[in-house]
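Working notes, beginning with the structure itself.
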Amino acid sequence: MDEQNDNVEQTLVLIKPDGLQRSLTGNILALLSHPDNIIVATKLVKVNRALAEEHYSHLKQKPFFEDLIKFLLGEWHTNRVLAIIYEGPDIIKRIRATGGATNPEEAKPDTIRGKYGRIHSKTGVYENVIHCSANNEDAEREIKLWFEPDEVVNIRFPVEYIVEERTVMKWKK
Ligand code: DAT
Ligand code: MG
């Protein structure tokens, strides 16, 4: 950065099922790699329908919604998604720029979607290999949807402590 920038934000990135299946994880992470882009949480998620529909709830009325959900559920690839929270100055806008335009055919060739995206020939759904939050509001909603606070090494949103009794899975001794 040329000048001091205090606008530190967090953003959600998903490497989508096409990116994982086509073994693009390393290439994508390399393009997102920069000293100002700090990874503060990551996990591999087996996506279920409720999570996929909630993530794309703003697109529920679109004709491609059902195919988009199937895509995120891994119908044509693998049912895994790599979820990452990046933190840094103006990170939401900067990672969107690196990610490129939604339609891979319109994305510039030096962007992640421009390099690796394609259009699913059967459905017309954009296989655009990554998701990245579009603005502050989306980033907060999506981070809270994909991660619990104790999975994030640098917590930026308010938390509360709740005592609850539940069964958890542990390694057998
Ligand atoms: P973005 O992922 O760039 O934020 P979005 O939120 O409008 O774009 O849409 C979410 C995903 O839905 C997008 O990554 C790919 C798919 N999609 C959007 N518009 C589409 C269209 N017109 N045809 C097919 N798939 C589309
Ligand atoms: Mg979006």
Percent of accessible area on the chain owned by carbon and sulfur, 1.4 Å probe? 49
Which whole-number percent is the relative contact order of the stretch 1-98 (Cα, under 8 Å, 6+ apart)? 53
Across LYS16/LYS93; LYS60/LYS122; LYS16/LYS62; LYS93/LYS122; LYS60/LYS170, pairs whose alpha-carbon gap is larger than 25 Å: LYS93/LYS122; LYS60/LYS170
Mean separation of Cα pairs under 8 Å and 6+ residues apart, divided by the residue count of the chain: what relative contact order is that in percent? 31
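Probe radius 1.4 Å, ligands and nucleic acids left out: which of VAL129, VAL45 has the largest accessible area, and how do the rest follow?
Solvent-accessible surface, decreasing: VAL45, VAL129.
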In terms of Cα to Cα distance under 15 Å, which aspartates and glutamates are near enough to LYS43, apart from those fewer than 8 places away along the same chain? GLU142, GLU148, ASP150, GLU151
Could you give the length gained by full extension between LYS170 and ASP110, i.e. 0.36 nm per residue of separation minus their alpha carbon distance, to one decimal place? 17.2 nm
GluC sites (Glu not before Pro) restricted to DSSP loop in the stretch 89-173 with at most 10 other C-beta within 10 Å: GLU160, GLU164, GLU165
Where a Cα-Cα gap under 20 Å defines reach, which aspartates and glutamates qualify for LYS144, not counting those fewer than 8 residues away within the same chain? GLU9, GLU53, GLU54, GLU87, ASP90, GLU160, GLU164
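The values are calculated or read from the model by the stated rules, or taken from the named source; none is laboratory data. The structure presented is a predicted model; accordingly, all values stated were derived computationally and were not measured. As a convention, Cβ positions derive from the backbone with ideal geometry for all residues, glycine included, and neighbour counts pool all protein chains shown. Heavy atoms of the whole protein, side chains included, go into the accessibility calculation; ligands, DNA and RNA do not. Shrake-Rupley method; radii C 1.70, N 1.55, O 1.52, S 1.80 Å.
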